[in-house]
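Have a look at the structure below before the remarks.
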Amino acid sequence: MSTPKRYTITAALPYTNGPIHIGHLAGVYVPADIYSRFMRITGNDVAYICGSDEHGAAIPMRAKKEGVSPQVIIDKYHKIIKQSFADFGISFDNYSRTSSAIHHETASEFFKKMYEDGKFIEEVTEQLYDDEAKQFLADRFVTGTCPKCAHEEAYGDQCEKCGSSLNATDLINPISTISGAVPTLKQTKHWFLPLDQYEDFMKEWVIEGHKKDWKPNVYGQVKSWVDEGLRPRAVTRDLDWGIPVPVDGAEGKVLYVWFDAPVGYISSTKEWAAREGKDWEPYWKDKDTKLVHFIGKDNIVFHCIIFPSMLKAEGSYILPENVPANEFLNLEGNKLSTSKNWAVWLHEYLEEFPGKQDVLRYALTANAPESKDNDFTWKDFQARNNNELVAIFGNFINRVIVLTNKYYNGIVPTPSALSDVDTQTLTELRAYPAVIASSIERYRFREASQELMNVARLGNKYLADEEPWKLIKTDEERTRTVMYVALQIASTLATLAEPFLPFTSAKLTTMLNHTPIAWNAIATEETLLAAGHQIEKAQLLFDKVEDADVQKQLDKLEATKKANEIANKTVEPQKETATFDDFTKLDLRVGTIIEAEKMPKAKKLLVLKVDTGINVRTIVSGIAEHFSPEEILGKKVTVLVNLAPRKLRGVESEGMILMTETPDGSLVFVNPDDATVTSGATIN
């Protein structure tokens, strides 16, 4: 197991334009927290750094939508996000914010250093401009068709479908998100980082240097960008929200958020170091420090090309050793969406599932989107809890603690000579720290979580094979040894669970009434929980997630889906004005369908016989994809009876049945509600 002395671990700064959801957790914060906790528990010097990204264009957009200032938005969501992380057990050493004075100072100094060293090029270019709003359209203020994948809702800085980083002028058919107007081009001056000058550096550092140790999705995206040829990238924007560009002649311009935000890792480290009485520089400038960025796949370009090029240009900083980006997590088969409220929000989860932080941590880790997009479902969440955490991990611990209290009043028994089974079990147990460590160090957290569960499986199998509840009646001496071995497994679980299930680890530590054995000592210590030690009474580590709990969440999502359908439903515009005389010409009657059959060789048409009260007539209706002939027999319908006959596929149709469409696209009949209404009744 490699154990460098110092780690700087960063987790992507979340935008403060909304709360944290499970996609953020699965992609970034849970794996980063597992890694950080593991590095601490194995004796390393760790700075786990994060903070709120408060200068993105999405923030003033949301502020305009809600009719408040951007400051109100960032204060609201920074508080929610920071508290949610704390309640969930994300163990940041520092959680800062980019609106802080120390960040403004750090980002400005970083820019000025590069500016003074001649690392930027200054250009006057044509940028998209909204003539109605009198504003340049940077980033999220413009949408259009992605030039790379043809997605029609790409933003001016990125396409969220294919992950491509874009410039607003790259978009096809751009539209202002402020006014809806088609933008024009207007000249403006900006400073650019000439990424093309760093191609050789990128080829040497990433393409050759990290071919074997970076994840394929990360390496592949970087290589694709470099192979296509890097282009200069603007590091300033025409906006009134952000850090003012700290040079003369830059009035009304701010630092581009993707220049400003990653510098937030540095300013947050400075803030932490000042509070703790440490020197921040070794965490960013000492070549023996291992810098690791945890991000989602949509941030790969910024963390693997743009930010490293900035660090290289500035000249005094170390480069990231790894950037283990995850893919995306979907929810119940659909893409997570903040704007559509299609998400499981962390702060709501914590309210609705109190005390179940570790259940969500485990479910997200066991199903982590490490190599491909994965899907979170509430049924899988329930199964992970009930079939694994409760039935395997919790069951083992409960049996060990209960039996120890029952047989020995909670005192760890003194073992006699170990049998071959005992020795083999303890040998297997001592191998697990290295196995789990190897998985974590290779950023395979899903694999590591299952190895942790295998430790609990080892304990369950041992108890099931040895059956101490039966053995106690015939061989008390052997029973003491069995329980002693089982308690060594329980003690090991308290240590190994800490990075994955910190609340569970703490609860188990309390029950065992001792400080967990050091991770690195498990493989070598003969005794992990000494004979004669007094443990506490049993508490349930986990309880079942009931069907009703799951159904409540599914109902909540269904309500969201229906609300979105209604909100997105396009209402047909009103037709030209009709006079009262026009309306009185329409003869609407109640009819009853008495026969129905599919029209041959026609996918959409049914041929109906309808009793209109006047007569029985044939009506051809395009409803075959929505109704079978059998299910509409005897159904009362509203019929326009004085519509001129028309031949459809050779069959003369003598009227029209009135239908309407639901938000999900289904057709329904416009029916008379009163069951006593008979065929032929007029509708006035």
*Say R0 is 35 Å: what FRET efficiency, to the nearest 0.05, do Lys79 and Glu132 get from their beta-carbon distance?*
0.50
*So between Ser339 and Ala530, what do we pick up on full extension, going 0.36 nm a residue minus the alpha carbon distance?*
63.3 nm
_Suppose we take every Cα in the chain and form the convex hull; what volume per residue is that in Å³?_
231
*May I have the pair-distance distribution P(r) for segment 82-181, computed from all Cα-Cα distances with 5 Å bins from 0 and rounded to whole percent?*
2, 12, 14, 11, 12, 17, 16, 12, 5, 1
*Mind grabbing the base-10 log of I(q)/I(0) for segment 143-257 at q = 0.11, 0.22 Å⁻¹? Debye formula, identical points on the C-alpha positions, no solvent, two decimal places.*
-0.48, -1.25
_segment 608-613 - phi-based ³J(HN,Hα) in whole Hz, Karplus 6.51/-1.76/1.60, Gly and Pro as x_ = 10, 9, 10, 7, 8, x
*Given the C-alpha centroids of segment 204-267 and segment 433-488, what is the distance between them in whole angstrom?*
48
*Full extension from Lys212 to Glu652: what is 0.36 nm times the residue separation minus their Cα-Cα distance, to one decimal in nm?*
151.2 nm
*Heads up, I need the accessible area for Lys134: 1.4 angstrom probe, whole protein in place, Å², nearest 10.*
140
_Please compare each pair in Lys189/Lys312; Lys119/Lys253; Lys203/Lys290; Lys79/Lys161 to a cut-off of 23 Å on the Cα-Cα distance and tell me which ones are over it._
Lys189/Lys312; Lys79/Lys161
*asked:* If each residue of separation counts as 0.36 nm, what is the full-extension length gain between Val668 and Ala559 once their alpha-carbon separation is subtracted?
replied: 37.2 nm
_Among DSSP bridges having both ends in the chain, what percentage is antiparallel? Round to the nearest 5._
70
*Taking the Cα centre of each part, how many Å lie between segment 402-418 and segment 627-670?*
78
_Relative contact order, percent, segment 249-387 [alpha-carbon distance under 8 Å, six or more residues apart]_ = 20
*Which whole-Hz ³J(HN,Hα) couplings does segment 492-497 yield from phi under the Karplus relation 6.51 cos²θ - 1.76 cosθ + 1.60, θ = phi - 60°, glycine and proline marked x?*
4, 4, 4, 7, 5, 7
*Give a residue-ordered list of calculated ³J(HN,Hα) values for segment 249-265 (Karplus: 6.51 cos²θ - 1.76 cosθ + 1.60, θ = phi - 60°; whole Hz; x for Gly, Pro).*
x, 10, 4, x, 10, 10, 5, 4, 4, 7, 8, 5, 4, x, 5, x, 4
*Which whole-number percent gives the relative contact order of segment 27-99, counting Cα pairs below 8 Å spaced six or more residues apart?*
48
*Roll a 1.4 angstrom probe over the protein heavy atoms and tell me the percent of accessible area of segment 471-569 that is carbon or sulfur.*
50
*Using the beta-carbon distance between Asn615 and Thr577 and R0 = 45 Å, what value does 1/(1 + (r/R0)^6) give for FRET efficiency, to the nearest 0.05?*
0.85
*Where the centroid of each part is defined by its Cα atoms, how far is segment 576-599 from segment 514-547 in Å?*
76
*asked:* Using amide H atoms built in the peptide plane, which far-off residues or other-chain residues are under 5 Å from Arg97 H to H?
replied: Ser52
*What distance in nm separates the simple spin-label points at Ala644 and Thr584, each placed 7 Å from Cα in the Cβ direction?*
2.3
*asked:* Please list, ordered by chain and number, the residues whose modelled amide H lies under 5 Å from the amide H of Lys635; skip anything fewer than 5 residues away on the same chain.
replied: Ile593
*With a ≥ b ≥ c the root eigenvalues of the C-alpha gyration tensor of segment 223-342, is it rounded (a/c under 1.5), prolate (a/b larger than b/c) or oblate?*
rounded
*For the chain, just give the cysteines left without a disulfide-compatible partner, judged by no other Cys Cβ under 4.7 Å.*
Cys50, Cys304
*For segment 520-620, run through the GluC sites (Glu not before Pro) and keep only the ones in DSSP coil with at most 15 other Cβ atoms within 10 Å of their Cβ.*
Glu525, Glu526, Glu536, Glu546, Glu576
_Check which residues have an amide H placed less than 5 Å from Gln158's amide H, if you skip close sequence neighbours._
Leu166
_Candidate residues Lys601, Lys636: accessible-area rank, largest first, probe 1.4 Å_ = Lys601, Lys636
*Which of the lysines could a cross-linker span from Lys601 if the Cα-Cα distance has to be under 24 Å and same-chain partners fewer than 8 positions apart are dropped?*
Lys609, Lys647
*In degrees, nearest ten, helix 216-228 long axis to first principal axis of the chain (Cα)*: 70
*Past the 25 Å Cα-Cα mark, which pairs from Lys562/Lys635; Lys5/Lys270; Lys379/Lys561?*
Lys562/Lys635
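The values are calculated or read from the model by the stated rules, or taken from the named source; none is laboratory data. Keep in mind that this is a model prediction, so the values were computed, not measured. Here the Cβ is made from the backbone with ideal geometry for all residues, glycine too, and neighbour counts use every protein chain on show. The protein model used for the area step is the full one, side chains on, heavy atoms only, and it has no ligands, DNA or RNA in it. Shrake-Rupley method; radii C 1.70, N 1.55, O 1.52, S 1.80 Å.
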